[in-house]
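All remarks here apply to the structure that follows.
The values are calculated or read from the model by the stated rules, or taken from the named source; none is laboratory data. What you see is a predicted model; the values in this text were computed from it and never measured. Ideal geometry is used to build each Cβ from the backbone, glycine not excepted, and the neighbour counts take in all protein chains shown. Protein only, heavy atoms only, side chains kept; ligands, DNA and RNA dropped before computing areas. Shrake-Rupley method; radii C 1.70, N 1.55, O 1.52, S 1.80 Å.
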Amino acid sequence: MSIDDWVVGSTARERFPLFTRANVGEVFPDPVMPLSDDWLIRGAEDGWRDAWVRMGAFDHDEFNPDDLEVLGIFGSYCYLNASIIRLFGERAPGMSAQTMDDQFFGAQPGIPPYEVAEGDVRPDLTEKIGATLAWAMSAPELDDVAADERTVRGLRDARPDLTAMSDRELVAYARQLGADHHQHLFEQHIFITYMASVPLAVISAVCEAVGRPTDTLRLVAGVGDVESAAPSMAMWELGRLVAASPTVTAAFEEGVAGLDARLRAATDADSAAFVEAFDGFLYRFGTRGPNEWEMRCATWELEPELALAAIDRMRLAPADADPAAQGAVRAEERERVAKEILGMVEGDPEAHGQLSAALAAAKVFMAGRERTKTNNISMIHEARMAMWELGRRMVAAGRFDDPSDFALLRSAELEELLDGADMSAVIRGRRSDFLDLSQRQEPFIVIGEAQPPSMWPPRGADVGAPVAVGDALPGVPGCPGSAQGRARVVLDSHDPSALSPGDVLVAPITDPSWTPLFVTASAVVVDVGAPLSHAVIVSRELGIPCVVSATDATKRIVDGALVEVDGDTGVVTVLDGP
């Protein structure tokens, strides 16, 4: 079978033709697995549509009920419909298509300008959106998000004994989790994510008007209670336990491979205390890991060494790198700058009132956005644990090569497997296609029909020349502040051993498996991202200067070069060679 016939795919739309890999490339960096397409993508599509209607931005009848439209999968890669997101910006009062481009997509080449189409202008929907935005500017808390958090934590607390379940029970359990929760949780995530853009847009407009545009980032840093930053805080404490114990330090010095088993086999009190604390960490945060929306990908609970690798870097950091202390500095700076900007608009009651409301709303919705994402991930993780139990059994029976092979099957094929069918040829063929697709550079933008994957160039084939000493690589400001350090290009969060305290982390993407590495870095540079992307929100909480959307930074910044990262301007300058 040709890679052009990969079983996951959709067609472009005439009404909403523009799709982009921006933002979604952090969520689905790899080709979408067949089982995810069956169990998750449709629910995400419907949840996103529900969120649009809840906002008042669209009617359900504007969407095709029979196919993907908000999401798209071209050549196996997931895309977002930029046409729809831009239309929300055009319909929303005080916003525009450009506003949405800036907040969600960052500075990326090849994006055509927005053009008005028939049916775009809807005064009735603009009025509805206005009412929703007014609510967002005044909501003191998000009770429904907190209720969802209690629900998903309850799923973890009530996890059944998976080893005692039959194969069919495992599959039924995992499938039912998605059927019961996924569409609703995803709707919540999308709705809160877009509401988070509202106070950010107001703050940005006011700062621009008073001539202090770079202060926008300072006014949304250190907001507190950001769930995606919490694992890094917890890892820091674990790193301090390691640094304080010669015995545990010695175990880490032997290397991360086999570290979890060595610690559990140790008989000294310090190792026992660390293991107890680490088990608590895994119970609370074991859902996180690389590419965590995909059930095939291992998380910290499944592969504890993934978390131990980050803790290994943190144990080497000086005490003043404490992320809680850095976050407190950002919070103090936020309060100081807020007072200054509010003072500058004191003579304009309308602007003063809008900014005051936006500052309060930003704290609510920035934290809420990350909480809703974690709620989704936590539910998916419970399904993942059931499917990995099935996968391990299939490996033991000689029917799988790897526990994650279940993800290469469609839902109906999974039923055939349970009926006893030999699916090994299908699985191995798709694994080969998956590896081929992963090594090709998917187009960043799709307008109309996508080029077949067999025509895509090898990944990294069209990269520009390395950035020379004295030259700069532009990006998008993520977290304010500046820092200098040796660039460490890390392509895999599984192995961050090259990163030392004070280095500048240069990464391709930053899902939660990456963000603990921020703590030991003096600054962070990311190939992709935008002001509302995960990397940016977490870096602001951890107080780490950050530049995102620095296109091909991992390929153009030479490992070991001395660089300066300016999180206010979004510029990375090479000061000296390796």
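Dimensions of the range 139-292 from C-alpha coordinates, computed as largest minus smallest value along each principal axis and given longest first, are 62, 46, 26 Å.
Eigenvalues of the alpha-carbon gyration tensor of the range 482-578, scaled by 5 and square-rooted, set the equivalent ellipsoid semi-axes at 17, 15, 12 angstrom, largest first. Across every direction, the projection of the convex hull enclosing the Cα atoms of the range 68-177 has a mean area of 11.7 nm².
Binning the alpha carbon pair distances of the range 307-395 at 10 angstrom intervals from zero yields the distribution 12, 21, 26, 21, 13, 5, 2, 0, expressed in whole percent.
When all alpha carbon pairs of the range 1-142 are counted in 10 Å bins from zero, the resulting P(r) reads 11, 38, 35, 14, 2, 0 %. In the range 354-434, one over the average inverse separation of all distinct C-alpha pairs is 15.4 Å, which is the Kirkwood hydrodynamic radius.
Evaluated with a Cβ-only charge set (Lys, Arg +1; Asp, Glu -1), the chain carries a dipole of roughly 740 debye about its Cα centre, given to the nearest 20. Backbone geometry of the range 118-135 corresponds, through the Karplus equation with coefficients 6.51, -1.76 and 1.60 at θ = phi - 60°, to 3J(HN,Hα) couplings of 4, x, 5, 7, 9, x, 5, 6, 4, 5, 5, 4, x, 5, 5, 5, 4, 4 Hz, x marking Gly and Pro. Each principal axis of the range 219-271 carries a Cα extent, and these read 47, 21, 16 Å when sorted largest first.
Over the Cα atoms of the range 436-485, the radius of gyration divided by the Kirkwood radius equals 1.13; this is the Rg/Rh ratio.
Unpaired Cys in the chain, meaning no second Cys C-beta under 4.7 Å: CYS78, CYS207, CYS297.
In the chain, helical runs assigned H by DSSP with n ≥ 4 each contribute -39500 (n - 2.57); averaged across all residues and rounded to the nearest 500, the mean residue ellipticity at 222 nm is -15000 deg cm²/dmol. Evaluating kT/(6 pi eta Rh) at 37 °C and 0.692 mPa s, with the Kirkwood radius of the range 29-74 over Cα pairs in the Stokes-Einstein relation, gives 287 µm² s⁻¹. Across the range 425-430, computed HN-Hα scalar couplings (Karplus, 6.51 cos²θ - 1.76 cosθ + 1.60, θ = phi - 60°) run 5, 4, 4, 5, x, 6 Hz from first to last residue, x flagging Gly and Pro.
Between ASP66 and ASP225, take the C-beta separation as r, use R0 = 41 Å, and let me know the FRET efficiency to the nearest 0.05. According to the calculation, E is roughly 0.50. Set against the 2.2 N^0.38 Å expectation for a compact globular protein, the chain has a Cα radius of gyration ratio of 0.95.
For the pair ALA277 and HIS494, label points projected 7 Å from Cα toward Cβ lie 2.8 nm apart.
Each principal axis of the range 244-357 carries a Cα extent, and these read 67, 36, 20 Å when sorted largest first.
A crude spin-label estimate for the pair GLU127 and LEU562, with each label 7 Å from Cα along the Cβ direction, gives 6.4 nm. Accessible surface of the chain, 1.4 Å probe: 53 percent of it comes from carbon and sulfur atoms.
Once the C-beta distance of GLU208 and SER2 is scaled by a Förster radius of 41 Å, the resulting FRET efficiency is 0.25 to the nearest 0.05. In order along the range 355-363, the Karplus-derived 3J(HN,Hα) couplings, from 6.51 cos²θ - 1.76 cosθ + 1.60 at θ = phi - 60°, round to 5, 4, 5, 5, 4, 5, 5, 4, 5 Hz, and Gly and Pro are given as x. For the range 1-86, applying the loop criterion from DSSP together with a ceiling of 14 other beta carbons within 10 Å to the GluC sites (Glu not before Pro) yields GLU14.
What's the local net charge at ALA244, with K and R +1, D and E -1, over the other residues with C-beta under 10 Å away? Net charge in that neighbourhood comes out at +1. Global dimensions of the range 226-305 from alpha-carbon coordinates: Rg and Dmax equal 13.1, 38 Å. Here the average projected area of the convex hull drawn through the C-alpha atoms of the range 160-247 stands at 10.9 nm². The number of Lys pairs in the chain with C-alpha atoms less than 26 Å apart, excluding pairs fewer than 8 positions apart on the same chain, is 4. Values of log10 I(q)/I(0) for the range 410-512 across q = 0.11 Å⁻¹ run -0.65, by the Debye formula with one identical scatterer at each alpha carbon and no solvent. What number, in nm² with one decimal, is the all-direction average of the projected area of the convex hull of the alpha-carbon atoms of the range 115-211? It is 11.3 nm².
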